[in-house]
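The next block holds one structure in the form of structure tokens; read it before the comments.
The values are calculated or read from the model by the stated rules, or taken from the named source; none is laboratory data. Quantities reported herein were computed from a predicted structural model and do not represent experimental measurements. Neighbour counts run over all protein chains shown; Cβ positions are idealised from the backbone, glycine included.
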Amino acid sequence: MIMPTWRNWNKSTQQLMNSEYFNRYLSLLSNPELHQMLEKNDLNIIFYPHYQTQIYMKDVPDFHDRIKVIRQGEETVQSLLKRSDLLITDYSTVSFDFSYMEKPVIFYQFDYKRFYYEHYNQGPITQDLLFGEVVTEEEQVLNGIKKFANKDKQFLENTVDNPFVIKTPKQHARLNYEAIANR
């Protein structure tokens, strides 16, 4: 699943269509090498743009038979996350949900400085602390998908080692109770 977050500087259809953000994802999803990889490895992609992006995203081309564009309301994010095996995002917090499920994440952060300068204040989780591959170029995204398709052990273990996700088997209710009781 490819699920990028939005950019607050894309405030109209024209701004979105002319943005590096939109054109990076358009290029990736139109890439013939990606299409061949999907066919060769019997993979499918779900492209779920952020709901704020969808407001200005009127027409999206048919990229390939193995790429489906999902709009808000067609499926729940929860069901998409559950049935997807790899997440490609930029800064979206859905990466934590994915990591919790021990599924690999590729962070496609081609506009890191601009995003944290113009859109959002950088938090405590910086690029060097992320739990997955951090890439800035389309070719690197394709290489990450190849690693996933080839079941590259190191690539798959990157997400399992997320220090920000507490993994205690079936004790979440107890942890929540104790946190509330000890306030």
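Residue by residue through region 15-48, note down the ones that are surrounded by 16 or more Cβ atoms within 10 Å (Cβ to Cβ), modelled with pLDDT under 95 and either farther than 21 Å from residue 89 by Cβ or more than 17 Å from the chain's Cα centre (by Cα) (or both).
Hits for region 15-48 are 16, 19.
Quick one: in region 77-117, of everything that is in contact with a helix residue (DSSP H, G or I) (Cβ under 9 Å, 6 or more places away or on another chain) and among the polar types (S, T, N, Q), which residue is nearest to residue 20 (Cα to Cα)?
My answer is 109.
Residues 128, 90: which one is modelled with pLDDT of 80 or more and among the acidic types (Asp, Glu)?
90
If you go through region 129-141 one residue at a time, how many are surrounded by fewer than 16 Cβ atoms within 10 Å (Cβ to Cβ) and not polar (S, T, N, Q)?
Count: 3.
If you check 101, 57, 3, which single one turns out to be in contact with a His (Cβ under 8 Å, 6 or more places away or on another chain), in contact (Cβ under 8 Å) with a residue 12 or more places away in the chain and surrounded by 12 or more Cβ atoms within 10 Å (Cβ to Cβ)?
So the residue among 101, 57, 3 that is in contact with a His (Cβ under 8 Å, 6 or more places away or on another chain), in contact (Cβ under 8 Å) with a residue 12 or more places away in the chain and surrounded by 12 or more Cβ atoms within 10 Å (Cβ to Cβ) is 3.
Mind checking which residues of region 65-101 are assigned to a strand (DSSP E or B) and among the charged types (D, E, K, R)?
Scanning region 65-101 gives 68, 75.
Would you mind stating whether residue 51 is in contact with a strand residue (DSSP E or B) (Cβ under 9 Å, 6 or more places away or on another chain), hydroxyl-bearing (Ser, Thr, Tyr) and at pLDDT 95 or above?
When the stated conditions are applied, residue 51 does not pass them.
May I ask you to say which residue of 86, 80 is of a type outside the set (S, T, N, Q), surrounded by 18 or more Cβ atoms within 10 Å (Cβ to Cβ) and in contact (Cβ under 8 Å) with a residue 60 or more places away in the chain?
86
Residue 5 is checked against (1) of a type in the set (Ser, Thr, Tyr); (2) over 23 Å from residue 143 (Cβ atoms); (3) assigned to a loop (DSSP other than H, G, I, E, B) and fails just one. What number does that condition carry?
(2)
Hey, among 29, 16, which residue is part of a helix (DSSP H, G or I) and in contact with a helix residue (DSSP H, G or I) (Cβ under 6 Å, 6 or more places away or on another chain)?
Within the list 29, 16, the selection yields 16.
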